[in-house]
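Reading through the C-alpha cells given below for one structure.
The values are calculated or read from the model by the stated rules, or taken from the named source; none is laboratory data. Please read all numbers here as calculations on a predicted model, not as lab measurements. FYI the Cβ positions are ideal-geometry reconstructions off the backbone, even for glycines, and counts take in every protein chain you see.
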Amino acid sequence: MERKVAVVGVGQSAFSRSCGISIRELCFEAFKEAMDGLNLSPKEIDASIVCSAPEYDKQRTPSGLIAEYLGLTPKPTFLVETICASSTTGVGVAFSFIKAGIKDVVAVIGFQKMSELTSAEAQERMGRGGDIMWESPFGIMMPAQYAMYARAHMKQYGTTEEQLAKVREKNSKYGALNPKAVFRKEVTVEDVLKSRVIASPLKLLDCCANADGASCIILASEEKAKKITDTPVWLVGWGSASDTMTLANRTLLTGLTCAIEAAKDAYKMAGVEPKDIDVAEVHDCFTIAEIMAYENLGFCKPGEGGKLIEEGQTYVGGKIPVNADGGLLSKGHPIGATGGSQVRTIVHQLRGEAHKIHPSIQVQGAETGLVHNVGGVGLYANVLIFRR
Ligand SMILES: CC(C)(COP(=O)(O)OP(=O)(O)OC[C@H]1O[C@@H](n2cnc3c(N)ncnc32)[C@H](O)[C@@H]1OP(=O)(O)O)[C@@H](O)C(=O)NCCC(=O)NCCS
C-alpha cells in the first residue's frame, strides 16, 4: 500500500529587508516555530534538506552549517536548488523519500539572506539564472522578462495596467495583516500606477522586493505523523516541470508552460480539479505572474485572469482566494525561503489556524489547498496540493 505523507510542522522567520542576524540564526527561527508543540526531537529527524540559491552567501555548502546548528547531524543533509522554487523542490524530495519508505521524518529548511547586496547587484545575480550568453548580458533580467510577458498578455487579451495594479492592492490588504511580511501598508491601484517605472509596464509596486528570511517544513510518514501531532495536513499531489532557459525558445509568452504542466501532474496525483481548490498561494513575484497563475492553474480560462481579479474573485470570500497572506508582493521574496512560506500559509488555512493571524484571512471550511512556486522566469515550477 502507498505511504501517505503529512506536513506535521511549519515555521517561518520574519521576512525583512535586512535581518541583522546570521543565516544559521535565521534558519533557527523558522525551525523553532516548526518544532513548536510537536512530539519530536531534532535527533528523531531522519534527514534535512536545505534550500537556497547559492550566489548570495560567502558560506559554501550551507546545508552542513545549518544541520550542525539545528542539531540534525549525523543524519544526511544536502542542498537543493531550483532558484525561487527551491524549497518546494525540497518538499518534493522529502515527499519522495517518505513515500518510498527510505526516510520517515524529513525537515526542509529554506533560506536566503539578500541584504548584503543592493537590489541592482541582486538583479545581476538573478540574471545569471537566465541564459548568460545571449540574454541577461543585454539587460533581460527578471523585471524585464516578466514585463515582456505582461506586454504579450496585454496585446493578446487586452489585460490592463489597472488589472495588474489590482493584484497588488489585494495582496497589500492581506500583507498589512501579516506580522511576518516586509510591507505592511495597504496600497491602492492609484499608488501602484503612480509608482516609478521599473520595466514598462511594470512599476515599483508591481514588483516583489528582495528580502532576508527562512522557512521550515517538517514532513512525516502517516505512522510517525500521528505520534508527532494531532493536526497533520496531507500532501496529496506534487507536480513539477521545467521550460527552456532561453526565453527566445519559448512557445508560449502569455503564460508559463512549466506551471501548466506541473499543475496537470499535481491535480492528477491528488485526483482533484481546479474547482476543488478552496485556497491557493501563488508565485506573485510580479503582478502579471499572479494573473498568469490563475490561468495556468485553471482557476479561469486563458486570458480571463485580469477579469478574475477585477471582479474580486481572488479575495477571501471570492470564487478562489489567492495569497491571503500578502503573497511575495507584500511578504518580500527571500528566494530559498519563499516556497516554504507558501506551504506554511496553506497549512495554517487547512488547520483553520489562519484566523489567529486575523479572522478576515481564514477561508472558512477550507479542505483542499494549493501552492504554486516558480523558479526563474518560468524555468522551473512546482505545484503542490494539500488536504486537511
Ligand atoms: C523593483 C526593484 C528593481 C527595485 O529596486 P531598487 O530600485 O534598487 O530599489 P531599492 O532596493 O534601492 O529600494 C528603494 C526603496 O524602494 C522600496 N522598494 C524596493 N522594492 C520594492 C518593491 N518591490 N515594492 C515596494 N517597495 C519597494 C524599498 O523598500 C526602498 O524604500 P525605502 O527607501 O523607504 O527603504 C527591486 O525590488 C527588484 O529587483 N525586485 C524584483 C526582485 C526579483 O526579481 N525577484 C525574483 C523574482 S522571481
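If you go through the stretch 97-136, how many residues are part of a helix (DSSP H, G or I), aliphatic (A, V, I, L, M) and touching a helix residue (DSSP H, G or I) at 6+ places or on another chain (Cβ under 6 Å)? Within the stretch 97-136, residues that are part of a helix (DSSP H, G or I), aliphatic (A, V, I, L, M) and touching a helix residue (DSSP H, G or I) at 6+ places or on another chain (Cβ under 6 Å) number 1. Taking the stretch 88-106 as the range and being among the small types (Gly, Ala, Ser), at negative phi and out of contact with any Phe, Trp or Tyr (no Cβ under 9 Å at 6 or more places or on another chain) as the test, the residues that pass are GLY90, ALA94, ALA100. List the residue pairs whose Cβ atoms are under 6 Å apart, where the first residue sits in the stretch 152-168 and is among the β-branched types (Val, Ile, Thr), the second is crowded, with 22+ Cβ neighbours inside 10 Å, and the two are 6 or more positions apart or on different chains. Final answer for the pair search is THR159/HIS153; THR159/GLY306; VAL167/THR287; VAL167/GLU290; VAL167/ILE309. Can you say whether ALA94 is assigned to a helix (DSSP H, G or I), in contact with a Gly (Cβ under 6 Å, 6 or more places away or on another chain) and of a type in the set (A, V, I, L, M, F, W, C), as far as the supplied structure shows? Against the criterion (assigned to a helix (DSSP H, G or I), in contact with a Gly (Cβ under 6 Å, 6 or more places away or on another chain) and of a type in the set (A, V, I, L, M, F, W, C)), ALA94 does not qualify.
Which residue pairs have Cβ atoms under 6 Å apart, sit 6 or more places apart or on different chains, and have a first residue in the stretch 323-342 that is touching a residue at least 24 places away in the same chain (Cβ under 8 Å) and a second that is of a type in the set (Ser, Thr, Tyr) and within 13 Å of the ligand (Cβ to nearest atom)? Partner pairs satisfying both residue conditions: SER330/SER172; GLY336/SER86. Note on the stretch 101-121: among residues that are in contact (Cβ under 8 Å) with a residue 12 or more places away in the chain and more than 16 Å from the ligand (Cβ to nearest atom), the one that is surrounded by the fewest Cβ atoms within 10 Å (Cβ to Cβ) is GLY101. Under the condition of being more than 16 Å from the ligand (Cβ to nearest atom) and either assigned to a loop (DSSP other than H, G, I, E, B) or among the charged types (D, E, K, R) (or both), the residues counted in the stretch 40-91 number 19. Checking each residue in the stretch 25-39 for being surrounded by fewer than 18 Cβ atoms within 10 Å (Cβ to Cβ) and either part of a helix (DSSP H, G or I) or aromatic (Phe, Trp, Tyr) (or both) picks out GLU25, LYS32. Might you let me know whether the stretch 70-78 holds any residue that is closer than 25 Å to VAL282 by Cβ and surrounded by fewer than 21 Cβ atoms within 10 Å (Cβ to Cβ)? Checked the stretch 70-78: no residue is closer than 25 Å to VAL282 by Cβ and surrounded by fewer than 21 Cβ atoms within 10 Å (Cβ to Cβ).
Checked against the criterion of being of a type in the set (A, V, I, L, M, F, W, C), more than 14 Å from the ligand (Cβ to nearest atom) and touching a Phe, Trp or Tyr at 6+ places or on another chain (Cβ under 6 Å), the candidates ILE385, ILE346 yield just one match: ILE346.
All of LEU328, LEU308 fail the test of being closer than 17 Å to SER87 by Cα, out of contact with any strand residue (DSSP E or B) (no Cβ under 8 Å at 6 or more places or on another chain) and either modelled with pLDDT of 95 or more or charged (D, E, K, R) (or both), apart from LEU328. On the given criteria, is LEU65 surrounded by fewer than 22 Cβ atoms within 10 Å (Cβ to Cβ), farther than 24 Å from CYS208 by Cα and not β-branched (Val, Ile, Thr)? For LEU65, the condition - surrounded by fewer than 22 Cβ atoms within 10 Å (Cβ to Cβ), farther than 24 Å from CYS208 by Cα and not β-branched (Val, Ile, Thr) - is met.
Of the listed requirements (1) without any contact (Cβ under 8 Å) to a residue 12 or more places away in the chain; (2) buried (at least 23 other Cβ atoms within 10 Å of the Cβ), ARG196 misses just one: (2). Residues in the stretch 357-382 that are touching a strand residue (DSSP E or B) at 6+ places or on another chain (Cβ under 7 Å), of a type in the set (Val, Ile, Thr) and more than 16 Å from the ligand (Cβ to nearest atom): VAL363, THR368.
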